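Taking it in order: structure first as structure tokens, then the write-up.
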Amino acid sequence: MTETPVLLYDGGCGFCNATVRFVLRHDRVGTLRFAPLGGTFGARVLAAHPELAGLDSAIWYEPGSARVLTRSAAALRVARYLGGAWRLAEAFWIVPRPLRDLGYDFIAWIRHRVTLGDADWLPSLDMRERFLA
């Protein structure tokens, strides 16, 4: 396992892969790890958190606390992690979660129709250490 935060994502989704590449480009700290939901690590996290069964969402996982954030909360946590101007997105914490998640769900609903990236994208050799199987 890992002691640093992990962003779990749909590895077969071009939009999701583009989002991971976006995070990698803007990551100043370099400690965030990534894992596909359908991989071994993702399966372990999902098995440890039965409340996530059937959820089709990005998941922010903090191994030390076993804390999981989903949907809009995960997206806002990524913005906090990125820091800088991206932290301005944290203002959305004041929006009630059901409304934030409605916006997240809309994007999730159209994500397979949006061609922002290659669903078969693989990280470069220097980035692979940040990805969990």
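The numbers here are math on the coordinates, done by the rules we state, and not lab data. Predicted model, so just to flag it, every value in this text is computed and none were measured. Cβ sites come from the backbone with ideal geometry, for glycine too, and all protein chains shown count toward neighbours.
Modelled this way, with points 7 Å down the Cα-to-C-beta line, the labels at ALA48 and ILE107 are 2.6 nm from one another.
Taking a ≥ b ≥ c as the square roots of the Cα gyration tensor eigenvalues, with a/c under 1.5 meaning rounded and otherwise prolate when a/b beats b/c, else oblate, which class fits region 20-102?
On the way: a/c = 2.06, a/b = 1.23, b/c = 1.67.
Oblate shape, in that a/c is at least 1.5 and b/c is the bigger or equal ratio.
Couplings for region 44-60, taken from phi via the Karplus curve 6.51 cos²θ - 1.76 cosθ + 1.60 with θ = phi - 60°, read 5, 5, 5, 5, 6, 10, x, 5, 8, 4, x, 6, 10, 8, 5, 10, 9 Hz in order; Gly and Pro are left as x. Region 1-35 to region 41-67: how many Å between their Cα centroids? Centre-to-centre distance over Cα atoms comes out at 15 Å. If R0 equals 25 Å, the separation of the Cβ atoms of SER65 and TRP93 corresponds to a calculated FRET efficiency of about 0.85. Within region 6-126, DSSP assigns beta bridges of which about 65% are antiparallel (rounded to the nearest 5).
So, counting K/R as plus one and D/E as minus one, what does the shell of residues with Cβ under 11 Å around GLY84 add up to?
Values: positive: ARG28, ARG80, ARG87; negative: ASP27.
Computed value for this residue: +2.
Taking the fewest neighbouring Cβ atoms within 10 Å as the starting point, the ordered list for ASP101, ASP10, ASP126 is ASP126, ASP101, ASP10.
Taking every alpha-carbon pair under 8 Å whose residues sit at least 6 apart, region 6-126 reaches a relative contact order of 36 percent.
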